[in-house]
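The structure appears right after this line, and notes come after that.
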Amino acid sequence: MTSPPILSLALPSNTGRVLSIQSHTVQGYVGNKSAVFPLQLLGYDVDPINSVQFSNHTGYPTFKGQVLNGRELLDLIEGLEENNLLYYTHLLTGYIGSVSFLNSVLEVVDKLRSINPNLTYVCDPVMGDEGKLYVPEDLALVYREKVSNKFFM
């Protein structure tokens, strides 16, 4: 296992470092907006990446905002890596709106595990409510066929 970078040693966390890739809403508490602060209260050092930034939850009649694409996610990861900041003990993923973004997340899992083989990956496959999907149907297939393999290696 690669030793933690200097930043991790300078700002130690007794519980670990979390990379959280989830949604963000301006109004309401979902995704990173609801996960980061409680994890910090528990002593985790949390770095959030917002998979989307929406005005509100997608369960409302309308919502507006931006969606991070897979290339943009990998660019952020590359920037962290180039500065020796890519050492994490935990990866948390939530709402992911496309198959291409999910495939990029799987690349991130592999990269993080190459740095820390003991990485804990916590996946909350946010896909819908009350029998209704708010993500493309083919996303469920990718979760079943590719994401589940990341837990049982």
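The values are calculated or read from the model by the stated rules, or taken from the named source; none is laboratory data. Because the structure is a prediction, the values reported are computed rather than measured. Methodologically, a virtual Cβ is constructed for each residue, glycine included, from the backbone with ideal geometry; neighbour enumeration extends over all protein chains shown. For the accessible areas, the whole protein counts, side chains as well, though only heavy atoms, and no ligand, DNA or RNA atoms are used. Shrake-Rupley method; radii C 1.70, N 1.55, O 1.52, S 1.80 Å.
Suppose we filter Leu92, Leu102, Leu86 for residues that are assigned to a strand (DSSP E or B), closer than 26 Å to Gln40 by Cα and touching a residue at least 12 places away in the same chain (Cβ under 8 Å); which single one remains? Can you show your working first?
Working: Leu102 fails: assigned to a strand (DSSP E or B); Leu86 fails: assigned to a strand (DSSP E or B).
Going through Leu92, Leu102, Leu86 in turn, just one is assigned to a strand (DSSP E or B), closer than 26 Å to Gln40 by Cα and touching a residue at least 12 places away in the same chain (Cβ under 8 Å): Leu92.
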- prompt: Going by the structure shown, is Leu80 more than 17 Å from the chain's Cα centre (by Cα) and assigned to a helix (DSSP H, G or I)?
  reply: no
query: Taking the condition without any contact (Cβ under 8 Å) to a residue 24 or more places away in the chain and part of a loop (DSSP other than H, G, I, E, B), does Pro136 pass?
result: no
- line: The residue from Tyr143, Tyr44 that alone is touching a Gly at 6+ places or on another chain (Cβ under 9 Å), touching a residue at least 12 places away in the same chain (Cβ under 8 Å) and of a type in the set (Ser, Thr, Tyr) is Tyr44
message: Conditions first: (1) under 22 Å from Arg17 (Cα atoms); (2) out of contact with any strand residue (DSSP E or B) (no Cβ under 8 Å at 6 or more places or on another chain); (3) touching a residue at least 60 places away in the same chain (Cβ under 8 Å). Asp129 passes all but one, so which condition is the exception?
response: (1)
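Within the stretch 76-102, track down each residue that is of a type in the set (S, T, N, Q), closer than 19 Å to Asn32 by Cα and open to solvent by 30 Å² or more (accessible area, probe 1.4 Å).
Residues of the stretch 76-102 that are of a type in the set (S, T, N, Q), as a first pass: 83-84, 89, 93, 98, 100.
Filter once more, keeping what is closer than 19 Å to Asn32 by Cα: 89, 93, 98.
The answer is Thr89, Ser98.
Residue-by-condition table, conditions (1) surrounded by 13 or more Cβ atoms within 10 Å (Cβ to Cβ); (2) touching a strand residue (DSSP E or B) at 6+ places or on another chain (Cβ under 9 Å); (3) part of a loop (DSSP other than H, G, I, E, B):
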position	(1), (2), (3)
Lys33	yes, yes, no
Phe37	no, yes, no
Gly43	no, no, yes
Asn50	yes, yes, no
Leu74	yes, no, no
message: Please go through (1) among the small types (Gly, Ala, Ser); (2) closer than 15 Å to Gln22 by Cβ; (3) touching a strand residue (DSSP E or B) at 6+ places or on another chain (Cβ under 8 Å) for Ser104 and return the number of the only condition it doesn't satisfy.
response: (3)
message: Need the failing condition index for Gly59 against (1) touching a residue at least 24 places away in the same chain (Cβ under 8 Å); (2) touching a strand residue (DSSP E or B) at 6+ places or on another chain (Cβ under 8 Å); (3) buried (at least 18 other Cβ atoms within 10 Å of the Cβ), just the number.
response: (3)
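I'd like the full set of residues that are of a type in the set (Ser, Thr, Tyr) and surrounded by 16 or more Cβ atoms within 10 Å (Cβ to Cβ), limited to the stretch 103-153. Let's see the steps before the verdict.
In the first step, residues of the stretch 103-153 are kept if they are of a type in the set (Ser, Thr, Tyr); the result is 104, 114, 120-121, 134, 143, 148.
Residues satisfying the conditions are Ser104, Tyr121, Tyr143.
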